[in-house]
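The values are calculated or read from the model by the stated rules, or taken from the named source; none is laboratory data. Note that the coordinates shown come from a computational prediction; the quantities given were computed from them, not determined experimentally. Methodologically, a virtual Cβ is constructed for each residue, glycine included, from the backbone with ideal geometry; neighbour enumeration extends over all protein chains shown. With ligands, DNA and RNA removed, areas are computed over all heavy atoms of the protein, side chains included. Shrake-Rupley method; radii C 1.70, N 1.55, O 1.52, S 1.80 Å.
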Amino acid sequence: MDLVPAKAVQRGNLALALFLALMLAITAGAFAYSTRDLTPSWVLVLLGIFATLGLLTLFGVVAGFVHVGWRRRENALFDAMFDAFPDACAVTDARGRVVFANTIYRSLANGGGGGRLQNVENLYAGYPAIADNVYRLSQAMRDGLAAEEELRLMPDSSAPGSHEGEIAWLNVSVAPLDPAAGRARTLWRVRDVTQERLEQEGAFQQLQHIIDYLDHSPAGFFSADAAGNIQYINATLADRLGLDLTKTTNGVLKLNDIVQEDGARVMGSIEPVPGGAHEESLDVDFVTSDGKAVPARVLHRVSFDADGNPGASRSLVLDRSPGSDAAETAQSSEVRLARFFKNAPIGIAILARDGKIRDANGAFARAIGHASARGKQVLDMINDTARADVEKALEAAWEGHVGVPGVEVMLAEDGSRSGQFYVSRIDDESEEGASLIVYAIDTTTHRALELQFAQSQKMNAVGQLAGGVAHDFNNVLTAVIGFSDLLLARHRPTDPSFQDIMNIKQNANRAANLVRQLLAFSRRQTLRPEVMSMTDVLADLGNLLGRLLGEKTELKVVHGRELWKVKVDLNQFEQVVINLSVNARDAMPDGGSLSVRTANVTAEEARGVRPGVMPEGEYVLCEIADTGTGMPKELLEKIYEPFFTTKEVGKGTGLGLSTVYGIIKQTGGYIFAESEVGKGTTFSIYLPRHIEVPGAETETKKAEEKAEAKPKDLTGHGTILLVEDEEAVRAFASRALSSRGYTVISADTGEAALTVLDEHDGELDLVISDVVMPEMDGPTLLKELRKRGITTKFIFISGYAEDAFKKNLDADQKFAFLPKPFSLKQLAETVKTVLDE
């Protein structure tokens, strides 16, 4: 196919024909002028001949009988060039249609046959295993971006390019062409990389032979990358450290996991040798799986690139523990002093006269936030604000002053660590002469505790503020939702205003959900607990979770047998499961497995879960485990902190797990997290078993009967006293109940409500009252009614949680509760249900 449109070719041919005709006419005129001596008849004859030739040329080009040879030669060259490519290549236009394809692509698409060629997107449609890869390529094409994906085709796949009976790998790339030419053209390339992958597997087998040899070596050996990830550890060293060799691969272990932190810092801070390697003998302490120290001498070699950046390191480990050949040397005073220096809990550094650090232990390196302090200027390690004070302290110590006061400093350039520096001078007979000893006490943790306490106070204040604002904000939402319902009752779906009113109501409901999330974070939300089976809840959530996780993540649900009942808010518990599942999905960018398991936990089993944290009792366990990237311990300790997130900016609020924690705690349950880097994360939720009252109708049955008995006819009759200080809410509720046939008497305070009751001698069918009101609140009004012997049925409406005021009432007080915001239908249903009881 031609990359140049046919119309463009025709326009070029026409222009060329006109040019030839014009040139013939000019030539004829010139000839006539040069033959002025010829008779006029001969001149006319010659002019006619030239004109006829010009017209014939013009007609032949326009009609297509005469072609321009350079165009065909160019296309032939273009075809030959792309056919020489070893990959399947195709060019698509803005609509995704194939406008050019080389022979390999034609063979891939339809075996070289004729017919309209399919683009790559359609060619690999219908294969779920590679659907995400193809979608990302297509999206890149539409966005005018370059992209590359690798498709893995299974032996039983019928996709183009697959290998019968073998796994095949295809590298598919997309790149825009002529972005400045005004034509959206895209180049697709499909390359078979199966042989490359097979060769990699062969190299892996050769590497395995080397590993087998090292595993049987009498000395320990390990290698690590520049980031300190252990790439390989031989069986000899793994056995000495009590490690499971099968759990030491793929970078799961860090250098800090097998070497004490100070030794790991020294090993990771070797002086760079650009373009070469550095070898050094170090005395360090390894750490066994049960936490014991194993002294050893390490022959450590680190390679560097031309810029001095460290690469892989390789270390030979010689045992120096008691009973070994070097045990006597290890017990010498020099070795003991060196170990004392390196293992000291406070930072110690030795300074030369010019302020450079000759040597420093790991605690000092940790304090200043550097992998190594050797060779660095101590003044460069601290913040500018304290540099002058430290310089004065150093000068005073050099002059021989004793008891130089400590200096408060901010360590590291970013000021993320704080500490205190103490300086003293020592004189010795070494070649270096006198030195300064700098003692650094890291106060970062102490300051962090102060900040955490301040943050806790701040978040408590935010929670109190959220609870206080919720009442007024829910009043506003009640009015918006309620008046929207009144408007909807007067408009048909075909009315032009109907959809606008629906949008108002829907957005008001969204605002109500946001308020509930904020209240969940502050543990002040209104819960609607129901007695239910966790098996039923997870079964209903199965389809939704499957869609949320996507095709790359496998969902496994294992239901426990004969699960006990729990009493939870259904919507809130579903939100907990969804939040944890979405977090698990984000932790598995390349796919994985999410397992949801439930089980009963007896009192004896609960005793060993978290002693001192979770009390003994019977619980129902919901365990959510993923096979994602996992989290290190330092992150695991912060996951429930408000606004803490490890996601990119704009992809996480940091309130997800805080909300989960608040919901579980308010429900009376417990949640614990366990994680291992490279293995995954497991959240264990323990909800108290709900024990039904013997001899009484179970709450589950009551809830089911109540749900089934919801009145379909929401009209009624009777006199209702509505007590609400918010005028908008009072107006909506009054109109809503009046439209359903009730007689409504309104009062804006509790005192006014008592006056109305006196006027009617307490002969009212129902009292609906807000909780928080001036002069007399709702609970006080209910108490006063009962004191007067008025047994009128009572409904509380409030933006606060029911538990917030229920504790102020007697245990035998009976009332119904309708949380704000509520709709017209919810109000009518609640009133009808209470009156019919």
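The figure for K254 is an accessible area of roughly 80 square angstrom, using a 1.4 Å probe on the protein chains alone. The simple Förster model, with R0 at 60 Å and r as the Cβ-Cβ distance, assigns E616 and A728 a FRET efficiency of 0.75. When the GluC sites (Glu not before Pro) in segment 549-612 are filtered for DSSP coil states and for at most 14 other beta-carbon atoms within 10 Å of their beta-carbon, the remaining sites are E551, E562.
Would you mind classifying segment 712-837 by shape? Square roots of the alpha carbon gyration tensor eigenvalues, ordered a ≥ b ≥ c; an a/c under 1.5 is rounded, otherwise it is prolate if a/b is larger than b/c and oblate if not.
Values: a/c = 1.35, a/b = 1.21, b/c = 1.12.
Cα axes put segment 712-837 in the rounded bin.
State whether segment 115-200 is rounded, prolate or oblate according to the following rule on the C-alpha gyration tensor (a ≥ b ≥ c being the square roots of its eigenvalues): a/c under 1.5 gives rounded; otherwise a/b larger than b/c gives prolate, and the remaining case gives oblate. Judged from the Cα gyration tensor, segment 115-200 comes out prolate (a/c at least 1.5, a/b above b/c).
Run through segment 88-141 and list the trypsin sites (Lys or Arg not before Pro) located in a DSSP loop whose Cβ has at most 16 other Cβ atoms within 10 Å. Before the final figure, lay out the partial values.
Working: sites: R95, R97, R106, R116, R136; in loops: R95, R97, R116.
Hits after loop and neighbour filter: R95, R97, R116.
Seen from R689, the other residues with C-beta closer than 11 Å to its C-beta sum to a net charge of 0, counting Lys and Arg as +1 and Asp and Glu as -1.
Which shape class applies to segment 91-151: rounded if a/c is under 1.5, otherwise prolate when a/b exceeds b/c and oblate if not, where a ≥ b ≥ c are the square roots of the Cα gyration tensor eigenvalues? Before the final figure, lay out each step's value.
Values: a/c = 2.05, a/b = 1.34, b/c = 1.53.
Oblate is the answer for segment 91-151, as a/c is 1.5 or above yet b/c matches or exceeds a/b.
Rolling a 1.4 Å probe over the protein chains gives D485 an accessible area of about 20 Å². I691 contributes an accessible area of around 120 Å² to the protein surface, as traced by a 1.4 Å probe with all chains present. Rounded to whole numbers, the Karplus 3J(HN,Hα) couplings from phi for segment 137-146 are 5, 5, 5, 5, 4, 5, 8, x, 10, 8 Hz, using 6.51 cos²θ - 1.76 cosθ + 1.60 with θ = phi - 60°, and x at Gly and Pro.
Put H163, H717 in order of accessible area, largest first, 1.4 Å probe: what do you get? Intermediate results must be reported in sequence, preceding the final value.
Values: H163 50, H717 155 Å².
Result of the area sort, largest leading: H717, H163.
Given R₀ = 45 Å, what would the calculated FRET efficiency be for S497 paired with T535, taking r from the Cβ atoms and rounding to 0.05?
Details: r = 46 Å, r/R0 = 1.01.
Once rounded, the FRET efficiency stands at 0.50.
What is the local net charge at K247, summed over the other residues whose Cβ is closer than 10 Å to its Cβ (Lys, Arg +1; Asp, Glu -1)? Intermediate results must be reported in sequence, preceding the final value.
On the way: positive: K679; negative: D244, E676.
Result for the local shell: -1.
Starting from the Kirkwood radius over alpha-carbon pairs of segment 501-628, derive D by Stokes-Einstein at 25 °C in a medium of 0.890 mPa s and give it in µm² s⁻¹. This corresponds to a translational diffusion coefficient of 147 µm²/s.
Each label point was placed 7 Å from the Cα along the Cα-to-Cβ direction; for D384 and I346 their separation is 3.0 nm. Rounded to the nearest 0.05, the FRET efficiency derived from the C-beta distance between I210 and D590 at R0 = 35 Å is 0.80. Note on segment 509-636: with neighbouring protein chains present and a 1.4 Å probe, carbon and sulfur make up 48 percent of its accessible heavy-atom surface.
Under the 0.36 nm per residue contour assumption, what length would be gained going from the current alpha-carbon distance of A125 and E399 to full extension?
Values: separation 274, 0.36 × 274 = 98.64 nm, distance 8.04 nm.
So the chain would gain 90.6 nm between A125 and E399.
In a DSSP loop and with at most 16 other Cβ atoms within 10 Å, the GluC sites (Glu not before Pro) in segment 126-203 are E164.
Residue order by solvent-accessible surface for Y670, Y422 is Y422, Y670, largest first, with ligands and nucleic acids left out and a 1.4 Å probe.
Put a plus charge on the Cβ of each Lys and Arg, a minus charge on the Cβ of each Asp and Glu, and nothing anywhere else: the dipole of segment 96-174 about its Cα centre is then about 400 debye.
Please give the net charge around A397, taking every other residue with its beta carbon less than 14 angstrom from that of A397, where Lys and Arg add +1 and Asp and Glu add -1.
Net local charge, A397 excluded: -2.
Fully extending the segment from E196 to E604 would add 141.2 nm, taking 0.36 nm per residue of separation and subtracting the current Cα-Cα distance.
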